1. When ranked by the protection proxy of mean other Cβ atoms within 10 Å per residue, highest first, what sequence do the peptides 181-191, 241-251, 217-227 form?
2. Relative contact order for region 62-182: what percent, with Cα pairs under 8 Å and sequence separation of 6 or more?
3. If you average the alpha carbon positions of region 169-205 and of region 24-91, how far apart do those two centres end up, in angstrom?
4. Residue by residue, what Karplus-based ³J(HN,Hα) values in Hz, rounded to whole numbers, does region 147-160 have, using 6.51, -1.76 and 1.60 with θ = phi - 60° and x for Gly and Pro?
5. What share of Cα pairs, in percent, lie more than 18 angstrom apart in region 12-142?
6. Can you give the FRET efficiency for residue 85 and residue 394, using 1/(1 + (r/R0)^6), R0 = 30 Å, r = Cβ-Cβ distance, to the nearest 0.05?
7. What are the residues whose amide H is under 5 Å from the amide H of residue 192, where those residues sit 5 or more places off or on another chain and H is modelled from the backbone?
8. Evaluate the distance, in nm, between pseudo-label points positioned 7 Å from the Cα of residue 315 and of residue 25 along their respective Cα→Cβ axes.
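None of the figures in this text is laboratory data; all of them are computed from the coordinates on show. Small disclaimer: the values here were computed from a predicted structure and weren't measured. FYI the Cβ positions are ideal-geometry reconstructions off the backbone, even for glycines, and counts take in every protein chain you see.
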Amino acid sequence: MIISLLKDYKQLQTKHFRLAKIFDYLVSLFILSIPLSVRAVIYSSTEGANGFFNPFTSSFFCFSDLIVIFIMVIFGISLYKGVFKLNYFDGRAQRMIWLYTLSLTILACFSAVFAKDITLVFHIAIRSVLYLFMIYIFCNKYYDLNKGLKFLIATMVFQSGLSIAQHYFQSSLGFGFLGEISFDHSTLGIAKIDVNDIKYIRSYGTFLHPNVLAGAIVFAISMTYYMFKSSSKKIWLYAGVILISGLIFTFSRSALIALAIGSIIYLFIINPRLHNKVSKKKIALGLFIFIILILNSQIGDQIKARLDISINDKSVSDRLDYMRISSRMLASHPMGVGAGHFTTRMQEFTEGKLLPWEHQPVHNVFMLMANEFGIFGLAILILLTCWFSYSLYKINKLFLIDFDKTLNNILFLNIVIFFVISLFDHYFMTNTSMIYLMTFFSGLYVKSIDFKSANVKRINLRLSR
């Protein structure tokens, strides 16, 4: 009888182990799939389309979505079988992130009152459920975030390799099965830079736009530094070199500016001592030599051409036009025009006739949030950003050891990067890959704030005794 019970217990443990492993593999696969733009159109709004297809007024089913659904199924079975227990949001950071995303989901549903296309709002609300679920998984210790960070850096190193190769060949590489856009010099609408009357294609990786690839690489660079600082393994240094090289060939001004500003703030404000290992003079000298070498090469000419910003630059003038449209829209609709509806309504707030490819969201996350979700949505976004910044600062004051501050410092740097990019682009709200990437980072913020806060409370309790 006892032997039979032991056999049953072993079989049960084996089944539990298998379920846990499947769950773990699926979440790891999800992280690897974040950059892949494999997707199918499931709905396209006719509002404001003028007979043309617009990806910003459409709903897609992505490969990452499919993996999330599989994760949901395995997670539900695991709960039923007792492999996992249902965790609740015990920490402050967990509650803040959950309330933020839940509030935006509710606002998205509520915005149907003002929306012209309720079906589009419905699709956005359904997608928000997938985001909420992944935030729950990453914030409640169901998955090893350190392992996930390694997978994230690995997949972004691969994307950087694609970026380098795409720049070298000046065409796509045949990875269409991974979502790579097929392009060469004859492809219309592809992002290019003009240097001395010669056009160079900007690298896409498997993302939908070079700017999105660049934004993801910038976050990967910051986390690679954290991994190098934590382990001192040279593999992370090599990964950083590849990532920086891949970033350069995107020629994304917003990402390069964000990395530059973030690095300056990190070196001189967030972590001025640089962990007592490298002096500011050595870093400044290294950066100076690197910049001189770059600027005196063909790549340097391309970078200089890209950074030669003027009011007559089309991308600059377009952004200013979108900001004017956004300002008028916000003044007319302070409660928002509906989730996903900026592009469908923008023609109403400009005198000139917009061309089909000019129907794009305003290139500013804060204005886009206010336009679609109203002033309450904007307030929630600002509140969450400020709260995380303050919490990281507060915990840094409680910890005296530099090693304990490393993750906090890097995450604070990421907030700076997010803020700067958000001033010039919209993909934190409009690109599925980037939003899924943010769900992973939500887990890192919880790990850094809640877990360390709990340790501080334990230390204070011991001292009080």
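1. 217-227, 241-251, 181-191
2. 19
3. Using only Cα atoms to place each centre, the spacing works out to 28 Å.
4. 5, x, 5, 5, 5, 5, 5, 4, 5, 6, 5, 4, 4, 5
5. 63
6. FRET efficiency, residue 85 to residue 394: 0.50.
7. 202
8. Reported label-point gap for residue 315 and residue 25 is 4.2 nm.
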